[in-house]
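As C-alpha cells, the structure follows; a few thoughts come after it.
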Amino acid sequence: MCDVLIVGGGPAGLMAADYLSKLNYRITIVDQMPTMGRKFLMAGKSGLNLTKNEPVEKFLSNFSESTPQLLSALENFTADDVQTWANSLGINLFTGSTGRVFPTQMKASPLLRAWLSRLDKRGVTRRHKMKAISLNNMSLLFDTENGKEEISAKAILFAMGGASWRRLGSDAGWLKWLTNVKNEKFTASNVGLKIDWSTHVNKYFGEPVKAITLSSGKIQSKGEIVITQTGIEGGGIYSLSPAIRKGEEVFLDLLPNWNEKQLNDALQKPLTKVSWSNHLRKVFNLNKVKQILLREFSSNSFSKEQLLVDLKYLRIKHEGFDEIDKAISTAGGVHFDQLDHNLMLSKRPGIFFAGEMLNWDAPTGGYLITAALATGLWSAKGIEKLLLGSTF
C-alpha cells in the first residue's frame, strides 16, 4: 500500500512524482520498460526542445484542445516555470533565435539523471518492467518478471503515454483493459506524409528543403522539410497535422519571400540557350531540390501562368500520414469531459490522468514536453487536494 501510485515514467509521471515527493507522501512510480524516460531520451537526441519563449496567449494557441483543464495546467506551469524547474536540477539552458529553449548540452540524459537522482533521494520507489493489466477499485494488477503483483494506493495517476513509438513504451496497451474510460481514437500527429515518388527523386533522399512555406487549411508553417524514401518529414509538415487530419490539402510555397511583381518580372525574362534547370536556378534562385519538387508535383505545363501558380501554390500529392508508430506524438486519448478540473475521473475519485494519454494535440517546438510536464504537475496538485481532504 502506498499513498500515490504513478503508472508511467515519462515527463508527466516524473513531474507528478517530483512535486508530491516534496510533501513526504509514499510514492511508487512504475514503468513497463527496463528504464524510465525512454521517449524523453529519444526526444533529446535532436537537442531536447523543452519549451518555447513566447507570449502566453501565443503559446496556448498552439494547442488544439482548449479545455479548461489543459489551459489551467499550462497557465500554472509556463515556459518560464519550465526553465526554473530545469535550472533547479542543475541544467543550464539557452534560447535559440526562434524562441526555442534547449539545455546547453543539447541532450536529455544529464537532465533525466539529475531528475531521477532527486526522486531517489526523496525516497520515491521506482519499479521497472511492470506492465499494468487491470484496475480493481484502487488496486492495480501488474505482470512482472516474477509473476503477477497487485499494488494498492490512495490515489492512482495514469501517465502511460499515447500510441506512438511502441518500442519506447508508448503502445496504448491500456486501451485493452481501461475500458470504462471514454477515449478518442488515437491518430498520428507530428509525423511525415507518405508520397509515392518517381525515380527522379531517389538521389535526393535525405536532402533538406529550406526557405519555404507550407500551408494546409488555415495553418501556415515556415519550418523546413526533409525528403525521405517514403515521403517528407520535418517541422514544416508536422505543424500542419491538425488541418491534414481534417482532409485539407497541402500547398508548398517555393519562393515565400517573392512578391507578385518580382515573379512577374522574372517570368518576362526570355529562356536563353541555357537548360530549363539553369534557367530556374538563375532567374528564380531555385536549387536542385526545389526544382525536383516542382517537377514532381507540377502539372507539367510550363506556361507562364501555370509556373506562377506552382511556384507559390504547389499542391503536394500525398497518400496520408506515415505509420502512427513513426509519429512523434498522437492526437486522441482520454476525453476531458469525464474529468474534473484536477484531471480526476469524476465518477472514480482517486483516479487521475496526465500527459499524452489525454486528448490534446500540439506541434513540436517545445509545446509537447511542456504540456506533459504541466499536466503531470496539475494532476499532482489535484492528488494533493484529495489526500488532504480539501474541497475540489
Task: Which numbered condition Ile29 misses (of (1) closer than 30 Å to Lys154 by Cβ; (2) at pLDDT below 95) - done: (2)
Open item on the list: Just checking, does the stretch 138-152 include any residue being modelled with pLDDT of 95 or more, among the basic types (Lys, Arg) and on the phi > 0 side of the Ramachandran plot?
Closed with: no
- [ ] Just give me the residues in the stretch 137-187 being surrounded by 20 or more Cβ atoms within 10 Å (Cβ to Cβ) and part of a helix (DSSP H, G or I), in sequence order.
- [x] Trp174
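Here's the yes/no breakdown for (1) of a type in the set (Lys, Arg); (2) not in a helix (DSSP H, G or I):
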position	(1), (2)
Leu263	no, no
Ala266	no, no
Asn278	no, no
Arg295	yes, no
Glu305	no, no
His318	no, yes
Ala331	no, yes
Task: Failed item in (1) buried (at least 23 other Cβ atoms within 10 Å of the Cβ); (2) touching a residue at least 60 places away in the same chain (Cβ under 8 Å), with Val209 passing the rest - done: (1)
Task: Output for the stretch 194-235, where each listed residue is farther than 19 Å from Lys288 by Cα, of a type in the set (Gly, Ala, Ser) and not in a loop (DSSP other than H, G, I, E, B) - done: Ser215, Ser216, Ser221, Gly235
Task: Out of Ala12, Ala17, sole residue that is under 20 Å from the mean Cα position of the chain (by Cα), under 27 Å from Gln338 (Cα atoms) and modelled with pLDDT of 95 or more - done: Ala12
Open item on the list: Looking at (1) over 23 Å from the mean Cα position of the chain (by Cα); (2) polar (S, T, N, Q); (3) at pLDDT 95 or above, which one does Thr213 not meet, given that it meets all the others?
Closed with: (1)
Open item on the list: Given (1) out of contact with any Phe, Trp or Tyr (no Cβ under 9 Å at 6 or more places or on another chain); (2) in a strand (DSSP E or B); (3) among the hydrophobic types (A, V, I, L, M, F, W, C), identify the lone condition not met by Leu119.
Closed with: (2)
Open item on the list: Residues that are closer than 22 Å to Lys326 by Cα, aromatic (Phe, Trp, Tyr), surrounded by fewer than 19 Cβ atoms within 10 Å (Cβ to Cβ) and more than 20 Å from the chain's Cα centre (by Cα): does the stretch 258-265 have at least one?
Closed with: no
Task: Selection from the stretch 29-83 of residues that are within 19 Å of the chain's Cα centre (by Cα), surrounded by fewer than 15 Cβ atoms within 10 Å (Cβ to Cβ) and assigned to a loop (DSSP other than H, G, I, E, B) - done: Ser61, Ser66
Task: Hits in the stretch 236-251 - residues which are in a loop (DSSP other than H, G, I, E, B), farther than 19 Å from Leu311 by Cβ and either touching a helix residue (DSSP H, G or I) at 6+ places or on another chain (Cβ under 6 Å) or in contact (Cβ under 8 Å) with a residue 12 or more places away in the chain (or both) - done: Ser239, Leu240, Lys246, Glu248
- [ ] Looking at (1) touching an Asp or Glu at 6+ places or on another chain (Cβ under 6 Å); (2) aliphatic (A, V, I, L, M); (3) within 21 Å of Leu23 (Cα to Cα), find the lone condition where Ala331 falls short.
- [x] (3)
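The values are calculated or read from the model by the stated rules, or taken from the named source; none is laboratory data. All values reported here derive from a predicted model rather than from experimental measurement. Virtual Cβ from ideal backbone geometry, glycine too; neighbours counted across all protein chains shown.
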